[in-house]
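Read through the structure below, which is laid out as structure tokens, and then see the notes.
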Amino acid sequence: MSDQASSSGPAAAAKKEDEQEPHASFGQSLRDSILEGHTVTIIILAIFTGFVVGGLLNAFTNTTVLHAWGNFFSAPGHAIAAAWDTAVGAYVAMFEGSIFNPHTVAALFQQASFATAVHDGYLSAVFNPLSETCVQATPLILAGLAVALPYQAGLFNIGAEGQLIGGMILATYLGYGVSLPFFVHVVVCVIGGFVGGAAIGWLVGELKARTGAHEVVVTIMMNYIMIYFLAYLLSFGYLMQAPHTSNEITSPIAGDAHLPLLFGSHLRINAGFLIALACAAGIWWLLNRTTTGFEFRSIGKNPSAARVAGMNVERNWVLVMLIAGGLAGLSGATVIQGTDFTLNFQSYGTYGITAITVALLGLGRPLGVVLAGLLFGALDAGAPLMQAATGTPVSMVQVLQAVIVLFVAAPPLIRTMYRLRATRAGGVGEVMSKGWNG
Amino acid sequence: MTIADRVPPVDLDLAARPPSSAFRRWLAPVTFAVFGLVEIFVLGLNAHHGDATFAFSQPFAKVTVPNLSLPAAVTCYVCGALTLLVAAVRAFLPLGPALRRVAIAVVIFLFIVALLCWADAGLTTAVNVVNLLQGTLNDSIPIMLGALTGVVCSRSGVINIAIEGQLLLGAFTAAMVCSVTGSLWLGLVCGALAGSLVAVLLAIFAIGYRVDQVILGVVLNILILGLTTYLYDDLMVPYQNTLNSPNTFSVFKIPLLGDIPILGPVFFDATIFLYLTYIALAGIQVGLFSTRWGLRTRAIGEHPIAADTVGIPVIAMRYRNVIAAGLIAGIGGAYFTIGSVGAFGPNMTSGEGYIALAAMIFGRYTPFGAIGAALLFGFTTQLQSIMSTLNTPIQSNLLLMTPYIVTIIVLAGLVGKVRGPRAEGIPYVKA
């Protein structure tokens, strides 16, 4: 317990990483993280509880349901049925929009011949929800890694949003501003995205290392600075606004700079998803197989001890923020090059904010971030269909995500709710958190 | 676990201490010098010919003060020269902490004067100083109240990043309650209670379940942002007239005091929210430093074990303080809807809670310091609107960045090392 006193975490389970075998293979650590009963149990229960809370919220704010409750005494069954229908209907629609929609399969088999059905895109329609989930998950995984990596080094990076905008700006500029052959152009834009985000991350790390300015406040401020900077670039015909338009939008990037689609033109899933998975694997390798990663984790556990051991804490802070910024920038580049193709004032969306919840749900670990990114990507992908089918606003998803993470952050609460026993002496989740100075 | 494990280490900020003291030594003087050079070579050389005029009274004021006209370019040069002088003094003379703060204030003041002279040079419209200050004070109300909440929480040993969420839920609740009931006062009370509700969540998770408070605050903010946006989309949009059309508090001018030239309209001619801010400021200043409650609050924030040893209920007191402080931020949130704009809009606090947090740190965790810093941030926003009405060639989006850039500069350079309450952010485990 005393070694936990000096470190921090949203869930103490993250701490157990240092207990695993130093030379565990990727497969083994995957198996470990699945078999770690109580951690996984708590996360699954947290997700379940989050969905229940979200469903209740949905049911009790829906206007038809409220109307039915008004007639509760004349028709009590009707009110409860209406509440149930609303809550479950929203989740069913979300599932159909993000994973599997039975209607598409029915449509596929109604076609005269399988070959024409495939040609007309009916097969793609079956896989479209999964493709959309991956498309939504791509920026979330990359930006989630941008929060998770510094978290391992004891820094809380709330600035994924600003870093993502930095990456988007540079990737878009290289996308329409220069002309290069196909493959080279894609690579140049992706690298540009990394550099754009890394520059912002580097600035934060440098400020932290040299002046001690707390990274949480600095990254929050950088988010707003980058939002206004983007607005500046896009407005009044300055710099990046597309010629001959009054809209705040850039010219579309060249076709050469689009990330290649993976499964034909009907599905939006693109190479960005592979980049995200590769980055997650790369970060896992960096953290667990390299000296740099060891230094990051040591500093995250106890910066004073790391300094005494001869590690350069400041240099590592700068480095980890630089890499994190780059990952967030990559996330922006995949949005521009994979799906949006132009940069406007809505492009950055809520990826930067959701990234924080993704990293926390993923316990700050690369594999966890991938899984959390896929889950939240699925929620985002299913939300539009949910709104169309049941009238529940898309912003419901944000509530769900925050509630889930709030429960994940407090394992004792989940344990109390479900009467679970603490599995280890001292109890998981007895997190001793740190102050500003940690 | 032994008691020694729970005692905060003696030197908590060992890790945060930068090794390069030369960098730190020259940071403030060099920053000052840059300001001075900008005043001379950017503002002074580019100023239009003619005078800059400053007005000191509003139209129809009972007592008027004559306008002040300054030759624009010359004023810029003088301000620049004075700033360079301050930079030199700061670099080569050993100044005490109080004088260093005076130096910062002087440099900022000179820069603002130079900037306004440059913007107004040769124009017939005068810069109305009273309007500028009045706007600053009113626009800063949520930041001031949020920062005061932060001071109480931090002094009690709890990091409150959820100020943003408290403001947002306060704004939402005040708008909704006021629209439904038609009562402004009920809206105000419920807005305050909403801020307190977020504080209850913060307290339960941070004090009770000992969740990392920085992370918790951010998650709570995301939760409140999502929740208010969802309820706005789900309820307020379809029922705009019944659920989202609150009245707003009207301006109440204090008799006699409100007629004092310059000071009257700035300080005593405002809505109830500004007067509540005065009360909160005075109450927290006196409370923290002159009452038993304040001594105990500071004790549980600095050294909870010592406080517990002498019989102060650390955990209970932290709960009480955090939840009570939430009321203040809730009132600050209510200002957004029933104090100024009227209708609620998604994410309408637009990060002012975070600025309040920065103001609290910049203000060195003291009530007056926090209020001063909050006013500085409010002033930059106000300056931006004045600059855009004067048609300066600076882009409004770049001007809107200034509060955030100022925050970073302040945190990184000018403010030096701020030492927070020692036990801030560390949950207390009773032995």
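The values are calculated or read from the model by the stated rules, or taken from the named source; none is laboratory data. What you see is a predicted model, and the numbers here were worked out from it, not measured in a lab. Methodologically, a virtual Cβ is constructed for each residue, glycine included, from the backbone with ideal geometry; neighbour enumeration extends over all protein chains shown. In case anyone asks, the SASA skips ligands and DNA or RNA and just uses the protein heavy atoms, side chains included. Shrake-Rupley method; radii C 1.70, N 1.55, O 1.52, S 1.80 Å.
Results for (1) at pLDDT 90 or above; (2) out of contact with any Gly (no Cβ under 8 Å at 6 or more places or on another chain); (3) assigned to a helix (DSSP H, G or I), shown as yes or no for each residue.
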| position | (1), (2), (3) |
| --- | --- |
| A:Val358 | yes, no, yes |
| A:Thr392 | no, yes, no |
| A:Val428 | no, yes, no |
| A:Val431 | no, no, no |
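With respect to the conditions (1) open to solvent by 10 Å² or more (accessible area, probe 1.4 Å); (2) under 30 Å from B:Leu274 (Cβ atoms); (3) among the hydrophobic types (A, V, I, L, M, F, W, C); (4) at pLDDT below 90, B:Ala52 lacks only one, and its number is (1).
Checked against (1) surrounded by 22 or more Cβ atoms within 10 Å (Cβ to Cβ); (2) at pLDDT below 95; (3) farther than 13 Å from A:Gln152 by Cβ, A:Ala305 passes all but condition (1). Take the conditions assigned to a helix (DSSP H, G or I), within 21 Å of A:Met386 (Cα to Cα) and open to solvent by 20 Å² or more (accessible area, probe 1.4 Å) and apply them to A:Val88. Does it pass? Here the answer is yes, as A:Val88 does meet what is asked.
Just to check your reading of the model, which residue among B:Ala88, B:Ala73, B:Ala103, B:Ala98 is assigned by TED's automatic domain parsing to the domain that holds B:Val38, of a type in the set (A, V, I, L, M, F, W, C), part of a helix (DSSP H, G or I) and open to solvent by 50 Å² or more (accessible area, probe 1.4 Å)?
Details: B:Ala88 fails: open to solvent by 50 Å² or more (accessible area, probe 1.4 Å); B:Ala73 fails: open to solvent by 50 Å² or more (accessible area, probe 1.4 Å); B:Ala103 fails: open to solvent by 50 Å² or more (accessible area, probe 1.4 Å).
Exactly one of B:Ala88, B:Ala73, B:Ala103, B:Ala98 is assigned by TED's automatic domain parsing to the domain that holds B:Val38, of a type in the set (A, V, I, L, M, F, W, C), part of a helix (DSSP H, G or I) and open to solvent by 50 Å² or more (accessible area, probe 1.4 Å), namely B:Ala98.
Contact map, region A:342-365: residues that are within 13 Å of chain B (Cβ to nearest Cβ) paired with residues that are of a type in the set (Phe, Trp, Tyr), Cβ distance under 8 Å, separation 6+ or inter-chain. Pairs shown: A:Thr354/A:Phe376; A:Thr357/A:Phe376; A:Val358/A:Phe376; A:Ala359/A:Tyr151; A:Leu361/A:Phe376; A:Gly364/A:Tyr151. The conditions of being touching a residue at least 24 places away in the same chain (Cβ under 8 Å), open to solvent by 50 Å² or more (accessible area, probe 1.4 Å) and under 20 Å from B:Pro142 (Cβ atoms) are not met by B:Phe172. Could you please find all residues in region A:195-252 being surrounded by 23 or more Cβ atoms within 10 Å (Cβ to Cβ), within 12 Å of chain B (Cβ to nearest Cβ) and in contact with a strand residue (DSSP E or B) (Cβ under 8 Å, 6 or more places away or on another chain)? If the condition is that a residue be surrounded by 23 or more Cβ atoms within 10 Å (Cβ to Cβ), within 12 Å of chain B (Cβ to nearest Cβ) and in contact with a strand residue (DSSP E or B) (Cβ under 8 Å, 6 or more places away or on another chain), then A:Leu234 is the only one that fits.
Go through the residues of region A:270-281 one by one and say whether even a single one is crowded, with 22+ Cβ neighbours inside 10 Å and not in a helix (DSSP H, G or I). Within region A:270-281, one or more residues are crowded, with 22+ Cβ neighbours inside 10 Å and not in a helix (DSSP H, G or I). Going through region B:188-224 one residue at a time, which ones are within 7 Å of another protein chain (Cβ to nearest Cβ) and open to solvent by 20 Å² or more (accessible area, probe 1.4 Å)? Passing the criteria: B:Tyr209, B:Arg210.
Would you point out which residue out of B:Ala356, B:Ala324 is touching a helix residue (DSSP H, G or I) at 6+ places or on another chain (Cβ under 8 Å), open to solvent by 40 Å² or more (accessible area, probe 1.4 Å) and either within 13 Å of chain A (Cβ to nearest Cβ) or not β-branched (Val, Ile, Thr) (or both)?
Numbers: B:Ala356 fails: open to solvent by 40 Å² or more (accessible area, probe 1.4 Å).
Just one listed residue meets the conditions, B:Ala324.
A:Gln398 satisfies every condition listed in (1) closer than 20 Å to A:Ala160 by Cα; (2) open to solvent by less than 10 Å² (accessible area, probe 1.4 Å); (3) at the interface with another protein chain (Cβ under 10 Å from one of its Cβ atoms) except (2). Within region B:351-383, the set of residues being without any contact (Cβ under 8 Å) to a residue 40 or more places away in the chain and not in a helix (DSSP H, G or I) is empty. Are any of the residues in region B:384-396 part of a helix (DSSP H, G or I), surrounded by fewer than 24 Cβ atoms within 10 Å (Cβ to Cβ) and within 17 Å of the chain's Cα centre (by Cα)? Yes; the residues of region B:384-396 include at least one that is part of a helix (DSSP H, G or I), surrounded by fewer than 24 Cβ atoms within 10 Å (Cβ to Cβ) and within 17 Å of the chain's Cα centre (by Cα). Of all residues in region A:151-165, those satisfying the criterion of being assigned to a helix (DSSP H, G or I) and open to solvent by less than 10 Å² (accessible area, probe 1.4 Å) are A:Ala160, A:Gly162, A:Gln163, A:Leu164, A:Ile165.
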